[in-house]
Amino acid sequence: MSGIIDLLQGPMGQMIIQGASAQLGQDSNKTQSAMSAAIPMLMGALKKQASNPDAASGLMNALQSKHDGSLLDNVMDIFGGGFVNEEVVEDGDKILGHVLGEKKEVVAAAISKQNGIDMSSAMNILKMAAPLVMGMLGKQTREKQVSNPTDLTNIIGSMIGGNQEVAQQSSFIEKLLDQDGDGSVVDDLFNMGKKFFGR
């Protein structure tokens with residue numbers, strides 16, 4: 001996880017944030033905070049998916065056939081020029097459907113609340129973050145020559161790393177995906193996000 005969070009701090013990350021901010025018409029600081037909140041949530045959702053053998057096989061197929069990490073080599077084309085490639089955003093929406101399902105509205109609401117952005121922008125942040133997360137996971141999978149779907153949980157765990165707050169946020173999403181609640185978890189996610197960003 002430190003790798004993909006660090007990605008947002010470097011030159012490539014600034015390009016991602018600037019492109020996303022211009023696309024959404026949002027302040028770059030809010031965009032960066034929202035993106036940094038979305039990433040551990042998505043990693044937690046992927047870890048939950050990888051724990052199911054059937055879902056893990058589907059995830060592995062997606063990593064091998066499409067999300068192999070090459071997206072990270074084309075950040076300029078995707079996020080440059082003051083707009084975000086629409087195909088990438090559409091792909092992100094499909095990814096959210098797979099990993100968050102109907103809970104994507106709850107996650108977007110938490111990101112919206114904790115970062116002071118509107119719900120539409122929060123949802124679009126998730127759509128932009130999802131292909132980046134999948135790209136990083138695909139890159140790690142390729143570099144470590146992982147071919148067994150059962151090994152994906154270990155790879156994702158190593159990406160989440162030892163940051164306690166990131167791990168807690170990821171774990172909370174895993175639990176959320178097991179619930180049939182009515183959205184009351186938004187406040188819990190919001191408070192966790194405040195703690196994570198030192199607010």
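The values are calculated or read from the model by the stated rules, or taken from the named source; none is laboratory data. Worth saying up front: this structure is predicted, and the values here are computed from it rather than measured. So basically every Cβ, Gly included, is an ideal-geometry build from the backbone, and we count neighbours across all protein chains shown.
Looking only at the range 41-60, decide whether some residue is buried (at least 17 other Cβ atoms within 10 Å of the Cβ), of a type outside the set (A, V, I, L, M, F, W, C) and over 28 Å from K144 (Cβ atoms).
Within the range 41-60, the first condition is being buried (at least 17 other Cβ atoms within 10 Å of the Cβ), and the residues that meet it are 41-50, 55-56, 59-60.
Still in the running and of a type outside the set (A, V, I, L, M, F, W, C): 44, 47-49.
With over 28 Å from K144 (Cβ atoms) added as a condition, the list becomes none.
No, there is no match, as no residue in the range 41-60 is buried (at least 17 other Cβ atoms within 10 Å of the Cβ), of a type outside the set (A, V, I, L, M, F, W, C) and over 28 Å from K144 (Cβ atoms).
Would a scan of the range 48-55 turn up a residue that is outside any loop (DSSP other than H, G, I, E, B), within 15 Å of A122 (Cα to Cα) and within 16 Å of the chain's Cα centre (by Cα)?
So the first thing to find is which residues in the range 48-55 are outside any loop (DSSP other than H, G, I, E, B), and the list is 48-50, 53-55.
Next, from what is left, pick out any that are within 15 Å of A122 (Cα to Cα): none.
Within the range 48-55 (the criterion being outside any loop (DSSP other than H, G, I, E, B), within 15 Å of A122 (Cα to Cα) and within 16 Å of the chain's Cα centre (by Cα)), the answer is no, since none of the residues qualifies.
Hey, can you tell me all the residues within the range 94-112 that are surrounded by 18 or more Cβ atoms within 10 Å (Cβ to Cβ) and in a helix (DSSP H, G or I)? Write out each step before concluding.
Just the residues of the range 94-112 that are surrounded by 18 or more Cβ atoms within 10 Å (Cβ to Cβ), to begin with: 95-96, 99-100, 103-104, 106-112.
Hits for the range 94-112 are I95, L96, V99, K103, K104, V106, V107, A108, A109, A110, I111, S112.
Enumerate the pairs (first residue in the range 6-27 and surrounded by 15 or more Cβ atoms within 10 Å (Cβ to Cβ); second residue anywhere and part of a loop (DSSP other than H, G, I, E, B) and among the β-branched types (V, I, T)) with beta-carbon separation below 7 Å, excluding pairs fewer than 6 apart on the same chain, so at least 6 apart or on different chains.
These pairs meet every condition: G19/V84; A20/V84; Q23/V84; Q26/I117.
List the residue pairs whose Cβ atoms are under 8 Å apart, where the first residue sits in the range 64-85 and is more than 14 Å from G13 (Cα to Cα), the second is aromatic (F, W, Y) and at pLDDT 85 or above, and the two are 6 or more positions apart or on different chains.
These pairs meet every condition: N85/F79.
For residues that are polar (S, T, N, Q) and modelled with pLDDT under 90, scanning just the range 113-139, find the one that is surrounded by the fewest Cβ atoms within 10 Å (Cβ to Cβ).
We begin by selecting, within the range 113-139, every residue polar (S, T, N, Q); these are 114-115, 120-121, 124.
Next, only the ones that are modelled with pLDDT under 90 stay: 114-115.
Numbers: Q114: 24, N115: 26.
Looking at the filtered set, the residue picked out is Q114.
How about the range 149-167: which of its residues are modelled with pLDDT under 60 and either in a helix (DSSP H, G or I) or under 9 Å from G44 (Cα atoms) (or both)?
Passing the criteria: Q164, E165, V166, A167.
Taking only pairs six or more apart or across chains, which ones have beta-carbon atoms under 8 Å, a first residue in the range 125-138 that is in contact (Cβ under 8 Å) with a residue 12 or more places away in the chain, and a second residue that is outside any helix (DSSP H, G or I) and of a type in the set (V, I, T)?
I125/I117; M128/V84
In the range 56-63, is there at least one residue being touching a helix residue (DSSP H, G or I) at 6+ places or on another chain (Cβ under 9 Å), assigned to a helix (DSSP H, G or I) and within 28 Å of G116 (Cα to Cα)? Can you show your working first?
Our first condition is that a residue be touching a helix residue (DSSP H, G or I) at 6+ places or on another chain (Cβ under 9 Å); within the range 56-63, this holds for 56-63.
Next, only the ones that are assigned to a helix (DSSP H, G or I) stay: 56-63.
Filter once more, keeping what is within 28 Å of G116 (Cα to Cα): none.
No, every residue in the range 56-63 fails to be touching a helix residue (DSSP H, G or I) at 6+ places or on another chain (Cβ under 9 Å), assigned to a helix (DSSP H, G or I) and within 28 Å of G116 (Cα to Cα).
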